[in-house]
Amino acid sequence: MLISMEMAPGNNIVAFGKKVEKEIEKCKQTLSPDVNMHKITNQPYVVNKSVMSFLRDLVFSILVVIAVMLLLFPLRTALVSGSSVPVCTAVTMGLMYICGIELNTVTLAALIVVLGMIVDDSVIVIDGYTDMLQRGYSRWNSAVTSTKMLFVPMSLATLAISGMFFPMTRIITGPLGDFVQLFPWTVLFALVCSIFYAVWVIPYLSTVFIKCNKDGIAPTRFEAAQNRFFILLQNFYEKVLTICFRHPAVVICTALGAVALGAFLFTRLQIQMLPKADRNCFAVEMHLAEGSTLEQTEAIADSMEVVLRADPRVESVTSFIGCSSPRFHATYAPQMAHKNYAQFIVNTTSEENTLKIIREYGPEYENHFPNAYIRFKQIDYQAVKNPVEVRLSGDDFRDMKPVADSLKNFLNTLPELTWVHSDMDETSQNIKVTLKSDEASRLGVTQSMLSLYLSSALGGQNLTNVWEGDYKVPVMLYTQNMGDSASYEGLEDFLVPTSIPGTWVPLRQVAEVSPEWHDAVINRRNSIRTITIGADLKYGFSQPEVMKKIDRYVETELKPAMPQDVEVSYGGLTNVNGQVIPQIALSFLAAVLVLFVFQLYHFGKLDIVFLTLSASLICVFGACLGLWVFQLDFSITAVLGVVSLIGIIVRNAIIMFEYAEDLRKNHHLNSREAGFQAGKRRMRPIFLTSATTALGVIPMIVAHTSLWMPMGVVICFGTIFSLPLVVTVLPVAYWQIFKNAK
């Protein structure tokens, strides 16, 4: 017996799971010893495990950020700036609770991403404070003056980053839209908290705890080593920057080359907006030939179940023969019930063993049984039946079938694909009943009366449906059971009623009975007859690369030879990506527009705004390189990582250009000297904030989850590889843009 339950909206699924667990334990105590009870799927457990994993990663990220600051800053400075991380994180969670935003994997991932950004504002304020302190200003004057100078550009950049994510909540629709809804609010709360903490608390703490060496406090050995490191780093950077200013064309070309290389690496990536799910369970689907009996399906299912249960990595196997399981995962749609179909839900000991079993058993057993195909399917966040699908549409199946056969033959030659099939593969045996008009008219037998009686006798006639909540209960009309007459030979002798009271005649008297073969399924898409050819992708192969081969074959060989009324379109991941990628592109444009508006309001110059936005392209190389090195898909979380990167780079550019503009306008330096001095002055805070941002997401990478690892890799690699370009290209680009300005 199968029992499934759903949680009412607005409740805590983890608490719900605990209550259900208590009731299950009570029920087990009342069962006889020969009755076993086990859970097929346990969504509360999955959610709780995911949230606890992210909480652990969040704590590790906080410790990593603080550890990085202790390595790069003097002890007092590190503790003052690092205090912003736990305080702002706690305040952010409090604001989320007040606003009714739940703590889930998306919001926790957002907190991990912004950890490095939270500390950035404090680092920038402390850097300005210590710079003025070393130049002889008093502690109070240094704190107040540096905070006033940095408040506007810092707040502008931070608010711009916060606003970049909000357009995508309206632009991206469907499951991806639901996925990103809470991400921007978490980022906004965290970064706004960081601004207020940096301008209200950090200046005071700095005056109390951070003092100049002239105040009689001698540096420790570790602090002396830190000072030597930054002196060496600053001297090395100034030499490199001097060389860059001597060869501006080479610097600009290097930046353009990095962007071009990043674009090339992007073409090598596989695009899948939502990846495979990390679950300790998977599904097994068994498809037998059309016309197979339920007994044949059960025999194959029993054989496959014995094989799986013998594997020590398998905890339980739940079988559904002639039907499919309930919807145990949001994007896994149950199949229609049929005698030639069976399904397993297999629970394993771990997520790693799930992948191992699928990779081992899939190739071995997919064609093990001569009259069945066994499909081992990993749970997927992407709601597609097959990753590769080609659709043929037209008015006449006779025109489409030869085209479908040719396409299937080609797909079978591709080594990247398995289980090449179409929804027109199967045929079913039918019996055609043709009414004898003369005899039927004499006896008063009509076509509608005969059809109604035969259908109710053969399997029941559906009259209407009664709804019990969300479940539909059909109301069927049955007449006499055909019994042994349910065969082609016996059907002719089956008695049917006439309009003459009490008179029944054999079916052969009023109709001719003949056997026929027809397509088992006739599908229509948007009211147009359609044949869908689908295939699974073998592990490790790129779906876009396979689709390029298929598209090349369709355009060069298939279309020239097929009838004109047949149209070809693509489904699967191609169709999903075709719908989602324009939304993603529009979200990028909207994010850039948000940055454009903020900067135009602040600077009031289009040239410096376009320069700042152009600098954001620098992140492409590092982001794509990281995904390529780790062989990760370009997914929705990678998109969020790229948007975060753009905001980080633009913030660094704003802080650098703000200082350069001040030197050029208020201190009357030329553009070359202003750019050079801005690079020298802003290199250290940019280096420090980049280090905390890049290393803060390392726990997300180490966790190695298919959903969130791409975001961590994008932010880490993108920040690291864009840092040298930011501190060298931006000063040179500023000089080149304003070298003729007065």
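The values are calculated or read from the model by the stated rules, or taken from the named source; none is laboratory data. Just so it is clear, the model here is predicted, and its values are computed rather than measured. Don't worry about glycine lacking a Cβ; one is built from the backbone with ideal geometry, like all the others, and counts go over all protein chains shown. These area figures cover heavy atoms from the full protein model, side chains too; ligands, DNA and RNA do not enter into them. Shrake-Rupley method; radii C 1.70, N 1.55, O 1.52, S 1.80 Å.
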*Quick check: anything in region 601-620 in contact with a strand residue (DSSP E or B) (Cβ under 6 Å, 6 or more places away or on another chain), at pLDDT below 85 and not in a helix (DSSP H, G or I)?*
no
*What number of residues within region 356-399 satisfy the criterion of being modelled with pLDDT under 85 and under 23 Å from the mean Cα position of the chain (by Cα)?*
11
*Can residue 658 be described as in a helix (DSSP H, G or I), in contact with a His (Cβ under 9 Å, 6 or more places away or on another chain) and open to solvent by 40 Å² or more (accessible area, probe 1.4 Å)?*
yes
*Do any residues in region 344-373 that are open to solvent by 30 Å² or more (accessible area, probe 1.4 Å) have Cβ atoms under 6 Å from those of residues that are of a type in the set (Gly, Ala, Ser) and at pLDDT below 85, where the two are at least six apart or on different chains, and which pairs are they?*
371/289
*Of all residues in region 619-647, how many are open to solvent by less than 10 Å² (accessible area, probe 1.4 Å) and either closer than 24 Å to residue 597 by Cα or of a type in the set (Asp, Glu) (or both)?*
8
*Return yes or no: is residue 289 closer than 30 Å to residue 538 by Cβ and surrounded by fewer than 16 Cβ atoms within 10 Å (Cβ to Cβ)?*
yes
*Quick one: in region 164-179, of everything that is assigned to a loop (DSSP other than H, G, I, E, B) and of a type in the set (Val, Ile, Thr), which residue is least open to solvent (accessible area, probe 1.4 Å)?*
172
_Search result, residues across region 271-286 that are open to solvent by 10 Å² or more (accessible area, probe 1.4 Å) and out of contact with any Pro (no Cβ under 9 Å at 6 or more places or on another chain)_ = 276, 278, 279, 280, 281
*Keeping to region 407-434, report how many residues are modelled with pLDDT of 85 or more, open to solvent by 50 Å² or more (accessible area, probe 1.4 Å) and outside any loop (DSSP other than H, G, I, E, B).*
2
*Is there any pair with a first residue in region 523-551 that is within 18 Å of residue 394 (Cβ to Cβ) and open to solvent by 80 Å² or more (accessible area, probe 1.4 Å) and a second that is β-branched (Val, Ile, Thr) and modelled with pLDDT of 75 or more whose Cβ atoms are under 9 Å apart and which are 6 or more apart or on different chains, and what are they?*
524/530; 525/532
*Tally time: how many residues in region 435-446 are open to solvent by 80 Å² or more (accessible area, probe 1.4 Å) and either within 14 Å of residue 497 (Cβ to Cβ) or among the acidic types (Asp, Glu) (or both)?*
1
*Among the residues of region 322-341, write down those that are modelled with pLDDT of 80 or more and surrounded by fewer than 18 Cβ atoms within 10 Å (Cβ to Cβ).*
322
